[in-house]
Amino acid sequence: MTSNDLQAVATTRRPPRRRLIALGAAIAAVVLTAVPLAVPASADSGPLSIVDHHVVVLVNFSDKTLSNAATSHADAVQQLFKAPDSVAAYYAANSGGRVSVVPAQGDGVFGPFTIDVPSSSCDTGKIADLARQNLPAGLSYDHLSIVIPGTGACSWWGLGQVGGSVTWFQEGAVSGGETTAAVHEFGHNLGYDHEMRQLCPLGKFTGCANDGNSHVTPMGGGGDHKGLSAPELIAMKWLPPTEIATPKATATVHLTPLHAATSAAGTRAIDMPLGTAGDRLVIEYRAPIANSVDTDVENPGVFVFRIDGGHYTGATELRNTTEDKNKMVGSFTGTTPITDLADHIAITYSAMTGDGVDVHLELNDPSTATSTAPTSPSPSHSATHTPSPSHSTHTTSKPSATPHSSPRSSSSGDGTDDLGVTSSPSHTASEPPVSAAAAGKPLAHTGANILFPVLAATGVIGLGTLFILRARRLKHRRH
């Protein structure tokens with residue numbers, strides 16, 4: 001198998017009663033033999049549909065064991081397969097039943113097995129190889145998750161191959177009822193990158209500044225009680241074409257909440273060109289929906305995403321104001337249009353309700369757009385050809401970063417703590433390698449221990465930024 005590029009992405013180690021989600025990207029050159037579980041659906045294929053025969057392997061280091069092997073076993077069964085918000089339940093709900101995650105044999109969990117790797121090592125490739133060797137001979141499976149004892153040697157809380165078949169977790173990441181890490185890392189295996197957010201200057205959808213993660217999907221640090229975003233659903237063709245509007249002229253589109261019950265008819269997303277270089281613009285409406293995957297949406301809102309090069313698996317949410325959860329209304333407020341003057345696009349919306357919102361698209365001269373709804377008829381919801389997303393192509397060199405602790409700022413007043421942003425241009429060999437572990441697949445990790453931040457590479461060797469997301473109190477709700 002040829003070695004492709006690797007991206008590292010992480011899940012945060014949580015202090016009591018708080019969840020810290022740090023989503024970074026680190027670069028690594030790794031070698032591992034693995035078979036990809038799945039890749040995003042191509043333009044000519046139908047919706048992604050898979051049955052994942054899944055195995056979980058519990059391992060002990062040569063000098064350190066799992067805190068409680070029986071508890072780890074029971075937690076893994078619940079988090080992957082049985083809990084109401086398990087990986088199996090989450091992706092079945094988001095895919096319309098097209099993704100089925102089932103134990104490969106028995107309850108799907110094996111071990112613990114003691115492997116010849118010390119707790120001071122974070123060689124994920126060797127860990128994966130030795131875990132496989134302990135599985136029953138002839139066992140057939142599609143996807144492998146490995147649970148290791150907690151260790152400061154690994155700067156991630158969870159790690160997953162982007163478009164591959166392996167995930168790794170420190171034992172605390174899959175303990176108790178919080179399934180955020182498991183849901184996030186399996187998303188990487190399906191091909192999803194991290195979903196970021198950018199703050200755009202007035203009148204532009206490009207040239208925007210990074211503003212953290214989107215917080216509207218597990219892939220953007222939103223937790224396991226928010227559904228996938230519209231771009232993520234479109235990437236796998238889990239959103240029917242009949243529920244996607246593709247306006248080509250000024251129009252008003254009534255959007256149903258993205259994760260409303262299937263019995264709620266209507267359009268759930270807008271997908272339209274942005275410029276002439278293959279970029280797209282996707283618009284969705286999110287509202288808290290009881291008994292759905294969207295129970296943790298703080299406030300209703302209209303969200304706007306830029307899809308660079310048609311790569312729906314790595315969308316960027318656009319905003320014209322910084323996030324304020326007390327006033328959060330999506331990407332913008334409806335009375336002030338969010339506009340792109342170069343491409344003649346202005347977007348506003350009317351009052352939001354539990355049933356939906358009218359989104360007004362001015363596709364001529366955005367300087368004339370107001371909060372008044374255009375008089376043009378709504379577009380027809382015809383089938384649209386969705387460009388095929390592709391795998392990320394990051395450099396294969398891995399810079400090592402000197403660990404930096406991120407300062408904690410004062411409370412934001414909404415029960416959350418904001419963690420700082422740390423830049424780290426200096427390098428040292430003191431950081432343990434992410435691994436020789438990914439069969440040429442990008443690696444993505446969920447959350448790092450705050451004392452072991454991960455260098456987030458942005459495609460430039462030797463320069464990285466660690467993005468530390470907002471910490472918020474856990475809401476242990478089941479859907």
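Observations on the model:
- Some residue of the range 268-285 being of a type in the set (Ser, Thr, Tyr), in a loop (DSSP other than H, G, I, E, B) and at pLDDT below 95: yes
- The range 304-313, subset over 16 Å from the mean Cα position of the chain (by Cα) and open to solvent by less than 10 Å² (accessible area, probe 1.4 Å), residue nearest to residue 352 (Cα to Cα): 304
- Output for the range 98-140, where each listed residue is of a type in the set (Ser, Thr, Tyr) and either assigned to a helix (DSSP H, G or I) or surrounded by fewer than 17 Cβ atoms within 10 Å (Cβ to Cβ) (or both): 100, 114, 120, 124, 140
- Output for the range 332-375, where each listed residue is in a strand (DSSP E or B) and modelled with pLDDT under 90: 353
- Residue within the range 188-201 that is free of Cβ contacts under 8 Å to residues at least 24 places away in the same chain and not in a helix (DSSP H, G or I) present: yes
- Taking the criterion of being surrounded by 24 or more Cβ atoms within 10 Å (Cβ to Cβ) and under 21 Å from the mean Cα position of the chain (by Cα), the residues of the range 145-159 that qualify are 145, 147, 154, 155, 156, 157, 158, 159.
The rows are residues; the columns are (1) under 19 Å from the mean Cα position of the chain (by Cα); (2) under 26 Å from residue 298 (Cα atoms); (3) of a type in the set (Val, Ile, Thr).
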position: 218; (1), (2), (3): yes, yes, no
position: 233; (1), (2), (3): yes, yes, no
position: 241; (1), (2), (3): no, no, no
position: 253; (1), (2), (3): no, yes, yes
position: 259; (1), (2), (3): yes, yes, no
position: 262; (1), (2), (3): no, yes, yes
position: 270; (1), (2), (3): no, yes, yes
position: 282; (1), (2), (3): yes, yes, yes
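- Residue in the range 162-173 that is assigned to a loop (DSSP other than H, G, I, E, B), among the hydroxyl-bearing types (Ser, Thr, Tyr) and modelled with pLDDT of 95 or more present: yes
- Across the range 224-261, the qualifying residues are those that are among the basic types (Lys, Arg) and closer than 27 Å to residue 188 by Cα, and the one among them that is surrounded by the fewest Cβ atoms within 10 Å (Cβ to Cβ) is 237.
- Any hit, the range 315-331, residues being touching a residue at least 24 places away in the same chain (Cβ under 8 Å), open to solvent by less than 10 Å² (accessible area, probe 1.4 Å) and assigned to a loop (DSSP other than H, G, I, E, B): yes
- Residue among 165, 119 that alone is of a type outside the set (Lys, Arg) and under 27 Å from the mean Cα position of the chain (by Cα): 165
- Scanning the range 228-271 for residues that are in contact with a Lys or Arg (Cβ under 8 Å, 6 or more places away or on another chain) and among the small types (Gly, Ala, Ser) yields 230, 260.
- Filter pass, residue 295 being in contact with a Gly (Cβ under 6 Å, 6 or more places away or on another chain), on the phi < 0 side of the Ramachandran plot, open to solvent by less than 40 Å² (accessible area, probe 1.4 Å) and at pLDDT 85 or above: no
- In this structure, residue 173 qualifies as surrounded by 17 or more Cβ atoms within 10 Å (Cβ to Cβ) and of a type in the set (A, V, I, L, M).
The values are calculated or read from the model by the stated rules, or taken from the named source; none is laboratory data. Treat the numbers as computed from the prediction; the structure is a model and nothing was measured. When we count neighbours, we look across all protein chains shown, and the Cβ atoms used for this are built from the backbone with ideal geometry, even at glycine. Ligands, DNA and RNA are excluded from the accessible area calculation, which covers all protein heavy atoms including side chains. Shrake-Rupley method; radii C 1.70, N 1.55, O 1.52, S 1.80 Å.
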